[in-house]
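The values are calculated or read from the model by the stated rules, or taken from the named source; none is laboratory data. Since the structure is predicted, the reported quantities are computational estimates derived from the model, not experimental observations. Methodologically, a virtual Cβ is constructed for each residue, glycine included, from the backbone with ideal geometry; neighbour enumeration extends over all protein chains shown.
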Amino acid sequence: MKRYENGVYLIDGKNFISEEDFLRNHPDFTKEEQTAALRGGMARSILSAHNQSGDDSLLQLKVDMLISDDPTYVSILQTAKASGLDHFPIPYVLSNCHNSLHAIGGTINCDDHVFGWSACRKYGGIYIPPHVAVMHQYMREAMAGGGQLALGSDSHTRYGALGTLGFGEGGGEVVKLLLGGTYDVSMPETVAVYLEGRPRPGVGPQDVALALIREVYPDGFAKNRILEFVGPGILGLSADFRNGVDVMTAETACWTSIWETDGEIERYLGLHERKEAYRELHPAKITRYDRGLRIDLGEIHPMIALPFHPSNAWEIREFQQNAEDLLREVEREAMEKEGTLGKELKLTEKLKKGKLQVDQAIISGCGGGLYSNIMAAADILQNASWDSGRLPFSIYPASQPILMELMQNGTAARLMKQGVILKTAFCGPCIGAGDIPAHGDFSIRHVTRNFLNREGVRPENHQIAAVALMDARSIAATVANGGLLTSAEDIIGDWKEPEYHFDASIYERHLQCFFECRQPEEKLIYGPNIKDWPEMEPLKNHLLLQVCGEILDEVTTTDDLCPSGETNSYRANPERLASFTLAGRDPGYVGRTKKTKLLKEAAERSEGGLPQELTAVWEQIRKLEGQEGILNLSELQIGSLLYAKRPGDGSSREMAASNQRVLGGLANLCREYATRRYRTNLINWGMLPLQMEADSEFEIGDWIYISHTYGCLENPEQPFKAWVIGKGIRELKLFMLPMTEEEKNILRAGSLINYNRKMMTAKK
């Protein structure tokens, strides 16, 4: 791969050259022409067409469709209802693909689904029952089309290969759209991903995606930018192949992605009885991008992403040559993250004569469970035999239409006879809700993520396992070789894209669409676990924040902040869900925040005084320069603070932020936020997204005092003074990144719920 760091030009969709070379060859190219070239990208064209602000630098976007999954839609609906929701103004899909098989017991999962169905009926939504389709596959098959915008509460809301800009954000952004608002962002930079050549036999979409992630994620090359896939290499890729790469762009930390479209996409949409949704998309004749990446598809070999991140990727042949050293590094990281428990992940012991023996294989979800992936795996498994007791192999087709096609062409029966466990459409293996490996096992999966403990183990119960990401083709090759890691490239043969027949009758039978026939008089159906959000007070002018958590890992994922798996079963119960916050990373965090919350409540009961534990802290504050006159404790807000170096990588789950707020959190402090969406979630839940240049030098239990918070919000990017009060007292320089006026007002209101409630009241 070749990078272009300082701008790149695409001419006639074919010539891809650096900005420096282009301008040297075109000395008469004016500033006006350069500006026009920057507007020539596909993404900018779509964004401009949906922009309501009249200013292309500060976008206020109306979107064409919304989608949420069952871990997120209950809290979204609760938030929207508390804000004054009347109806869904645009198509809103509620999918039940994440927790439908959860074996926690009781009725709470089904109760949530019934609640979602009743909300669709009342407000006018589209309801997808459990097992019918993985959310993103349904959107590909039934909703996405050229030139559209989609907003979802799952980070893998990506339909760029079909010509739709899809954004995965926290639930607060979905709520804004449900209340008739807009999705407000600054115009992002764009990165051209120029594809040329053709994939080698045995190379699948996950291999291309992992090679891309390895290249751009570590240094933030694509962070918060739009990836725009262009170039002649696209022509040789099937729609499924493009979809499989596209959904993984979320792991590059980019904002979203878009692709050129052609006859293959028109064929795909026509196959799904939606030919009218096709729109041909290409960049302008001369288009400038902020950055560029040239990829020769023929140079990519089958890949493996080792634990504990998709960017920890290696060519399988590279890994085979250095297997012991690379596995020892994974073991070292496990010990670093999990201490004594990490020592039990003995991956080097799984090497058999230099080859890795895996314990489990899975193809699943919005990336793996596509028809062409499963058919390619089936071809590789021809005449294969393995010990399915010691090496379980599960395949989850991404939708029932795909499963039915596999049944009708005989592939399903053949796979089942060989020992494959064929399951229904379910996101479980990707989120720790199904096929959890045994303690100490090594699982290979075609899913989207392989973060530590995301596979569903419970470290608090002394459990640990590891997941590596691979393409369905190499997973099948490994299974065919008895579980010894094998590249699909080593399998002789070249298979063609299989013919596919889509049957829409499944969706006609199972889906329930109330968008044009809502029943506003109907009542929402609440299960006993569904609880409303607690009241959240507005921001006060002076903050006293106790450091209740300090995570010094280089990156903290949203899985760390709010573990997936069993916890998601309590998604409808804010207090119960919050009790799992940082359970796998810092089990003492919840207890410390609750003690801080008790101090806050004691201060409120004291009518102007402070509990004994805070008296000494307050006296030190009053001695600070410029703080002598602060006598009114009614202006003081007490809460907890979490410090992490770089938090928020991974999913868009807003529970990572809302849990902290429910526990009394008022701020995060970090060097840098890993994703824009996590920072946005913090703001929507009324927590200051604080940053600092230096590393943490305070301890858990220390207090951080910030005065005149209202003034800090006026110019958040300007450094302001705070104080750390612990064993001594010292100054701290903090800052925040620029915010929109709406974001500032959300923080002042104390949460998006409070802000929306105020705005809806004003409208009435």
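Right, I226: within 26 Å of K31 (Cβ to Cβ) and either of a type in the set (S, T, Y) or more than 27 Å from the chain's Cα centre (by Cα) (or both) or not? Here the answer is no, as I226 does not meet what is asked. Please work out if R242 is under 17 Å from H136 (Cβ atoms), of a type outside the set (A, V, I, L, M, F, W, C), outside the structural domain of L151 (by TED's automatic domain parsing) and modelled with pLDDT of 95 or more. So R242 passes the test. One residue stands out in the stretch 179-214 among those that are of a type in the set (A, V, I, L, M) and in a loop (DSSP other than H, G, I, E, B): the one that is farthest from S474 (Cα to Cα), namely L179.
Taking the stretch 702-721 as the range and being in a strand (DSSP E or B), buried (at least 20 other Cβ atoms within 10 Å of the Cβ) and more than 31 Å from the chain's Cα centre (by Cα) as the test, the residues that pass are W703, Y705, I706.
Residues checked against (1) in contact with a helix residue (DSSP H, G or I) (Cβ under 7 Å, 6 or more places away or on another chain); (2) closer than 24 Å to L297 by Cα:
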{"residue": "Y4", "(1), (2)": "no, yes"}
{"residue": "V8", "(1), (2)": "yes, yes"}
{"residue": "G13", "(1), (2)": "no, yes"}
{"residue": "R24", "(1), (2)": "no, no"}
{"residue": "D28", "(1), (2)": "no, no"}
{"residue": "K31", "(1), (2)": "no, no"}
{"residue": "Q34", "(1), (2)": "no, no"}
{"residue": "A43", "(1), (2)": "no, yes"}
{"residue": "I46", "(1), (2)": "no, no"}
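Can you name the residue in the stretch 389-399 that is surrounded by fewer than 20 Cβ atoms within 10 Å (Cβ to Cβ) and in contact with a helix residue (DSSP H, G or I) (Cβ under 8 Å, 6 or more places away or on another chain) and, of all such residues, is farthest from N243 (Cα to Cα)? The selected residue is L391. No other residue among G482, G369, G428 is surrounded by fewer than 24 Cβ atoms within 10 Å (Cβ to Cβ), of a type outside the set (V, I, T) and not assigned by TED's automatic domain parsing to the domain that holds R214 apart from G482. Considering only residues that are part of a loop (DSSP other than H, G, I, E, B) and in contact with an Asp or Glu (Cβ under 6 Å, 6 or more places away or on another chain), look in the stretch 530-560 and name the one that is farthest from A80 (Cα to Cα). Per the criteria, the residue is V555. Hey, among the residues in the stretch 485-507 that are outside any loop (DSSP other than H, G, I, E, B) and touching a helix residue (DSSP H, G or I) at 6+ places or on another chain (Cβ under 7 Å), which one's surrounded by the most Cβ atoms within 10 Å (Cβ to Cβ)? The residue in question is A488. Please determine whether any residue of the stretch 740-758 is surrounded by 20 or more Cβ atoms within 10 Å (Cβ to Cβ), outside any strand (DSSP E or B) and among the acidic types (D, E). Checked against the condition, which is being surrounded by 20 or more Cβ atoms within 10 Å (Cβ to Cβ), outside any strand (DSSP E or B) and among the acidic types (D, E), the stretch 740-758 yields at least one hit. Collect the residues in the stretch 7-29 that are part of a loop (DSSP other than H, G, I, E, B), more than 16 Å from I295 (Cβ to Cβ) and in contact (Cβ under 8 Å) with a residue 40 or more places away in the chain, keeping them in residue-number order. Passing the criteria: G7, D12.
Among residues that are under 15 Å from the mean Cα position of the chain (by Cα), under 15 Å from M65 (Cα atoms) and either surrounded by fewer than 24 Cβ atoms within 10 Å (Cβ to Cβ) or not assigned by TED's automatic domain parsing to the domain that holds R449 (or both), G160 is not included. Counting only helices (runs of 4 or more DSSP H) wholly contained in the stretch 30-92, the ones carrying 1 or more residues that are touching a Leu at 6+ places or on another chain (Cβ under 7 Å), touching a residue at least 40 places away in the same chain (Cβ under 8 Å) and buried (at least 22 other Cβ atoms within 10 Å of the Cβ) occupy 42-50, 73-83. Report, by residue number, each residue of the stretch 312-343 that is small (G, A, S) and surrounded by fewer than 19 Cβ atoms within 10 Å (Cβ to Cβ). Within the stretch 312-343, G339, G342 meet the criteria.
Can you find a residue that is outside any helix (DSSP H, G or I), crowded, with 24+ Cβ neighbours inside 10 Å and in contact with a Leu (Cβ under 7 Å, 6 or more places away or on another chain) anywhere in the stretch 215-222? For the stretch 215-222, residues outside any helix (DSSP H, G or I), crowded, with 24+ Cβ neighbours inside 10 Å and in contact with a Leu (Cβ under 7 Å, 6 or more places away or on another chain): absent. Residues that are buried (at least 18 other Cβ atoms within 10 Å of the Cβ) and farther than 14 Å from L666 by Cβ within the stretch 519-546 comprise G527, N529, I530, W533, listed in sequence order. Listed residues G146, G124, G166, G170; which is under 21 Å from Y678 (Cα atoms) and either in contact with a Gly (Cβ under 9 Å, 6 or more places away or on another chain) or modelled with pLDDT of 90 or more (or both)? The unique qualifying residue is G166.
Okay, residues lined up against (1) crowded, with 21+ Cβ neighbours inside 10 Å; (2) among the charged types (D, E, K, R):
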| residue | (1), (2) |
| --- | --- |
| K623 | no, yes |
| L636 | no, no |
| G639 | yes, no |
| Y643 | yes, no |
| N659 | yes, no |
| L669 | yes, no |
| R676 | no, yes |
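Restricted to the stretch 508-518, and to residues there that are out of contact with any strand residue (DSSP E or B) (no Cβ under 9 Å at 6 or more places or on another chain) and in a loop (DSSP other than H, G, I, E, B), the residue that is surrounded by the most Cβ atoms within 10 Å (Cβ to Cβ) is R518.
When the stretch 561-577 is filtered for residues that are within 14 Å of L642 (Cα to Cα) and part of a helix (DSSP H, G or I), only L561 remains. When you check R677 against the structure, is it of a type outside the set (V, I, T) and either within 20 Å of G648 (Cβ to Cβ) or part of a helix (DSSP H, G or I) (or both), yes or no? Against the criterion (of a type outside the set (V, I, T) and either within 20 Å of G648 (Cβ to Cβ) or part of a helix (DSSP H, G or I) (or both)), R677 qualifies. Scanning the stretch 503-544 for residues being farther than 22 Å from P574 by Cα and not basic (K, R) gives a total of 22. In the stretch 496-536, which residues are of a type in the set (G, A, S) and in contact (Cβ under 8 Å) with a residue 24 or more places away in the chain? The answer is A504, G527. The one condition from (1) of a type in the set (D, E); (2) free of Cβ contacts under 8 Å to residues at least 40 places away in the same chain; (3) more than 17 Å from Y673 (Cβ to Cβ) that E717 does not meet is (3). Of the helices (runs of 4 or more DSSP H) entirely within the stretch 372-483, those holding at least 2 residues that are out of contact with any Ser or Thr (no Cβ under 7 Å at 6 or more places or on another chain) occupy 400-408, 411-418, 472-480. Report yes if L297 is in contact with a Pro (Cβ under 7 Å, 6 or more places away or on another chain), touching a residue at least 12 places away in the same chain (Cβ under 8 Å) and surrounded by fewer than 24 Cβ atoms within 10 Å (Cβ to Cβ), otherwise no. Yes: the conditions hold for L297. Just to be sure before I move on: is D553 among the acidic types (D, E) and crowded, with 20+ Cβ neighbours inside 10 Å in the structure I sent? Considered against the rule, which asks whether it is among the acidic types (D, E) and crowded, with 20+ Cβ neighbours inside 10 Å, D553 comes out as no.
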